[in-house]
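FYI, it's all coordinate maths here, none of it is from the lab. In this text the structure is predicted, and so the values were computed from the model without any measurement. Here the Cβ positions follow ideal geometry from the backbone for every residue, glycine too, while neighbour counts run over all protein chains shown.
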Amino acid sequence: MRTLVRLACLVCVLSSFSLAWSQEKVDLETITRIRYEGFHDSKVMDFASGLMDSIGERLTGSPNVKRANEWTRDQFAAMGLSNAHLEAWGPFGRGWANQYVNVRMTSPDVATLIAYSKAWTPGTNGVVTGKCVRVNVEKKEDFDKYKGKLAGMIVILGADADVKPPTDPLFKRYSDDDLAHIGEYNVAMDHHFTFADFLKRMQFIKDENQFFADEKVLAVIDRYRFTDGGGTVFVQSGGSYKPGETTTVPQLVVAVEQWTRIARLLDQKKDVSLELNVQNTFYDNDPMQYDTIAEIPGTDKKDELVMLGAHLDSWHAGTGATDNGAGTIVMMEAVRILKALDLHPRRTVRIGLWTGEEQGLLGSQFYVEHHFGSRPPMDEPAMKDMPTLIRREAGDVTVKPEQAKVSAYFNVDNGSGKIRGVYMQDNAAVAPIFKAWMEPFKDLGMTTLTMRNTGGTDHLSFDAVGIPGFQFIQDPLDYETRTHHSNMDVYDRLQPDDLKQAAVIVASFVYDAAMRDQMLPRKPIEKGLPKEAQKKDE
């Protein structure tokens, strides 16, 4: 019955769609100016080279991410934005960076391997050589099979990998049929994330790391997730960034084709030796991390906000170009366009470039908790000192006065592809508004609105406290197949024309929101998860 009522309400809202659309004001003269500036005098690829080429990877806690914070702040100040500053959040924990990796097979052949160190794992303290042994553990009980057999060995970790040619295109744009499917709302879709499963997985990783440390292995090498290979290596963390929880065993990821060669040789009972030289550094001088914040002041509604943002941090094997340098430079270009045209929005426009997104939306959550609203802290030890904003298990949201002053938050974090529409996050009332705002961009391929939620990035921090927060639909390109968290996430994977299109659309949506007589309509804030619902996850 509840679903039928929700659907009936949605029909009522959409039945007045045409009237509301016709009443929504769109300043086409200003949109034309935004388009001209964004397509004829774009600086988006200048920002790209400055961030990806000159600074590079931006792992949260690394010296590079702090350089990126300072560089983006200085870029905003040079544009003429106001109050460009770094806002601290945390405590986060230990910083980390890799300086050097060299991995060679020395027996039965000599071969250099494509290898990357996992974040927050130690180096080798010089050149070390050891024999390899295969290990596959899927549950804690599997440790018993290897106890007492691994000391001084290099662990080749994981199940067999069957490397096959890719069956899907590596580079894809959405077709009309794809967009039509995205536009269909799935009432039965389960959006609930099983927190208990997450905690169990984190505990297993801790247990596994401790087991290898107790067994005194020399290093652990795995192949990570994808098996279609091509020299692409997907790399994330191997240990905790929290003080006192650092793993003591070096951990690396190698290209799957090289991992399988070693595995085959070991399965044939042949000795395989590797030489490793890994130099990593931990940084404990500052437990805090930083978001970059800047503004274009408003006029008659300057106490109200329209926000836009993207995450500045990345993983460390590439230079974080599509995840999420692309979103960062699109948002930088969007505010540059507004400032270059000397536009004077009624509401204040505030940009936030967040760090800690890859570790759980940390930077944006801390920011929203400080400014707009929060949930109670959780009893779980794993959540100590962590924001609980997107965890409904923590309880109901308590809003701050500033929350009522934010009209909308717009986010870009799905790679370098052009914008094709908007995920409306179950907010039916914005549909006619966004439809009118999209009309000037139909020729650029922006045609789709969907009531669907989309997750995994910083708009969720704002959505959690009842602020209309939106992520744009983007062409996938090679984001999931090649660049996401990989060594191929570099400048050359960026699509300049798509980034220009995205910046123009974001600038226009931000301007439209800043100039409306009313703020954007809101949906109800999700209440905390009932205790009986939490028990189902345990």
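Along Cα→Cβ, 7 Å out, is where each label goes; now give me the distance between the ones at D284 and L266 in nm to one decimal.
3.2 nm
When Rg is the radius of gyration of the Cα atoms in the chain and Rh is its Kirkwood radius, what does Rg/Rh come to?
On the Cα set of the chain, Rg over Rh gives 0.99.
What translational D, rounded to a whole number of µm²/s, comes out for region 95-283 from Stokes-Einstein when the hydrodynamic radius is the Kirkwood one over Cα pairs, at 25 °C and 0.890 mPa s?
On the way: Rh = 18.5 Å.
Stokes-Einstein gives a translational diffusion coefficient of 133 µm²/s.
Taking the Cα atoms only, what angle lies between the long axis of helix 496-515 and the longest principal axis of the chain, rounded to 10 degrees?
Roughly 40 degrees between the two axes.
Counting every Cα pair in region 437-538, what percent are over 19 Å apart?
Working: 3213 of 5151 pairs.
The calculated P(r) of region 437-538 puts 62 percent of pairs beyond 19 Å.
For the chain, take the longest principal axis of its alpha carbons; what is the angle in degrees between that and the long axis of helix 195-214, to the nearest 10 within 0 to 90?
Tilt of helix 195-214: around 30 degrees.
Which value, in debye to the nearest 20, gives the size of the charge dipole of the chain about its Cα centre, when Lys and Arg are +1 and Asp and Glu are -1 at the Cβ?
Values: 62 positive and 75 negative charges, 116 e Å.
Dipole magnitude for the chain comes out near 560 debye.
Given only helices, namely DSSP H runs of n ≥ 4 each adding -39500 (n - 2.57), what is the per-residue ellipticity at 222 nm of the chain, to the nearest 500 deg cm²/dmol? It would help to have the intermediate numbers written out before the result.
Values: 14 runs with 158 residues, N = 538.
Calculated from helices alone, the mean residue ellipticity at 222 nm is -9000 deg cm²/dmol.
If you take the beta carbon distance between T248 and K206 as r and set R0 to 22 Å, what does 1/(1 + (r/R0)^6) give as a FRET efficiency, to the nearest 0.05? Could the numbers behind the result be given before it?
On the way: r = 12 Å, r/R0 = 0.57.
Result of the calculation: an efficiency of 0.95.
Given a Förster distance of 25 angstrom, what is the FRET efficiency for D396 paired with A88, based on the Cβ-Cβ distance and rounded to 0.05? Each step should come with its number before you reach the end.
Values: r = 27 Å, r/R0 = 1.08.
Rounded to the nearest 0.05, the efficiency is 0.40.
Report the label-to-label distance for D385 and D492 in nanometres (one decimal), using points 7 Å from each Cα along the Cα→Cβ vector.
About 4.1 nm, to one decimal.
With r as the distance between the Cβ atoms of D178 and H344 and R0 = 45 Å, compute the FRET efficiency 1/(1 + (r/R0)^6) and round to 0.05.
On the way: r = 39 Å, r/R0 = 0.87.
Efficiency, rounded to the nearest 0.05: 0.70.
How many nm is it between the label spots at E526 and L28, if each spot is 7 Å from the Cα in line with the beta carbon?
Once both label points are built, they end up 4.0 nm from each other.
Enumerate the amide H contacts of R134 below 5 Å, restricted to partners 5 or more residues apart or on another chain; note that Pro and chain-start residues carry no placed amide H.
Close amide H contacts, sequence-distant or interchain: I156.
Mind running the shape call on region 208-267? Use the C-alpha gyration tensor, a ≥ b ≥ c as the square roots of the eigenvalues: rounded below 1.5 for a/c, prolate if a/b tops b/c, oblate otherwise.
On the way: a/c = 3.58, a/b = 1.58, b/c = 2.27.
Judged from the Cα gyration tensor, region 208-267 comes out oblate (a/c at least 1.5, b/c at or above a/b).
For region 407-483, what number results from the quotient of the Cα radius of gyration and 2.2 N^0.38 Å?
On the way: Rg = 12.6 Å, N = 77, 2.2 N^0.38 = 11.5 Å.
So the Cα radius of gyration is 1.10 times the expected 2.2 N^0.38 Å.
In degrees between 0 and 90, to the nearest 10, how far off the longest principal axis of the chain does helix 362-371 point, with axes built from Cα atoms?
40 degrees
Calculate how many DSSP beta bridges within region 84-240 are antiparallel, expressed in % of all such bridges and rounded to the nearest 5. All intermediate terms of the calculation are to be shown ahead of the outcome.
On the way: 2 of 10 bridges.
Taking every DSSP beta bridge with both residues in region 84-240, the antiparallel ones total about 20 percent.
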